[in-house]
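Trainee: Structure provided below as structure tokens; questions to follow.
The values are calculated or read from the model by the stated rules, or taken from the named source; none is laboratory data. Source: prediction; values computed, not measured. A quick note on method: Cβ atoms are made from the backbone with ideal geometry, for glycine too, and the neighbour counts reach across all protein chains shown. Areas reflect the complete protein model, heavy atoms only, side chains present, ligands, DNA and RNA absent. Shrake-Rupley method; radii C 1.70, N 1.55, O 1.52, S 1.80 Å.
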Amino acid sequence: MIAPPPRTGHNPEARTMSLRSLIVAALLAAAPLGAHAGDLSYSTIELGWQRSSPDILESGDGFGVRGTARLTDNWHVYAGYGRTDNEIADLSDTRVGVGYNLAIADDWDLIARVGYEAADFDTLGDADGYGVEIGVRGAIDPAFEVAAGVRHRDLDVEGGFTLVAPKPGA
């Protein structure tokens, strides 16, 4: 599923910042491993670029890798990892969970997911919790897929750190 990562209360999340990066991600998702005309594959690997622009840190760039593996016709597992380098603290983000996909039309699925999520704010501390998401995914033609959805994360901060650093240049 192509969707920007959600934001937490501390706002240190990476998110897609330009149409260009969304198009690149869509093109990578358009050629999932094992895809066939008329069949959405849930055994995929995606690589991409991401940009972090949290409220309290300078913006940074990084990479992300995500994948899914089909369990049954309607169930799949997913995992993802992303890392963004910022001036004050680097952010790494990990997700793993299970998803359910339901056909709602020819070549279109409704997708619901739930899983464990963790964020490591380099020297500032860690946070972990759960994430839920819902969205749609479909094939525009046999070689091109699109997806859209929303995701919510609820992360608990370990060690009780407080982010008080001013944004450089502010």
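Trainee: Here are the criteria: (1) assigned to a strand (DSSP E or B); (2) under 27 Å from I140 (Cα atoms); (3) at pLDDT 90 or above. Tell me which single one Q50 does not satisfy.
Mentor: Among (1) assigned to a strand (DSSP E or B); (2) under 27 Å from I140 (Cα atoms); (3) at pLDDT 90 or above, Q50 violates only (3).
Trainee: Can you tell me which of (1) open to solvent by 20 Å² or more (accessible area, probe 1.4 Å); (2) touching a residue at least 12 places away in the same chain (Cβ under 8 Å); (3) hydroxyl-bearing (S, T, Y) is the one Y78 doesn't meet?
Mentor: In the conditions (1) open to solvent by 20 Å² or more (accessible area, probe 1.4 Å); (2) touching a residue at least 12 places away in the same chain (Cβ under 8 Å); (3) hydroxyl-bearing (S, T, Y), Y78 misses (1) alone.
Trainee: Please tell me if A127 is assigned to a strand (DSSP E or B), modelled with pLDDT under 95 and in contact with a Ser or Thr (Cβ under 8 Å, 6 or more places away or on another chain). Steps first, answer last, please.
Mentor: Details: assigned to a strand (DSSP E or B): yes; modelled with pLDDT under 95: yes; in contact with a Ser or Thr (Cβ under 8 Å, 6 or more places away or on another chain): yes.
It is true that A127 is assigned to a strand (DSSP E or B), modelled with pLDDT under 95 and in contact with a Ser or Thr (Cβ under 8 Å, 6 or more places away or on another chain).
Trainee: Residue check, D122 against (1) at pLDDT below 95; (2) farther than 20 Å from V65 by Cα, all met but one. Which one?
Mentor: The number of the failed condition is (2).
Trainee: Any chance you could count how many residues in region 86-97 are open to solvent by 50 Å² or more (accessible area, probe 1.4 Å) and at pLDDT 95 or above? Steps first, answer last, please.
Mentor: Our first condition is that a residue be open to solvent by 50 Å² or more (accessible area, probe 1.4 Å); within region 86-97, this holds for 87-88, 94, 96.
Remaining after also requiring at pLDDT 95 or above: 96.
Looking only at that region, the number is 1.
Trainee: Could I ask something else about it? For A35, indicate whether it is of a type outside the set (S, T, Y), modelled with pLDDT under 70, open to solvent by less than 20 Å² (accessible area, probe 1.4 Å) and more than 19 Å from R151 (Cβ to Cβ). Walk me through it before giving the result.
Mentor: Values: of a type outside the set (S, T, Y): yes; modelled with pLDDT under 70: yes; open to solvent by less than 20 Å² (accessible area, probe 1.4 Å): no; more than 19 Å from R151 (Cβ to Cβ): yes.
Taking the combined requirement at face value, the residue does not satisfy it.
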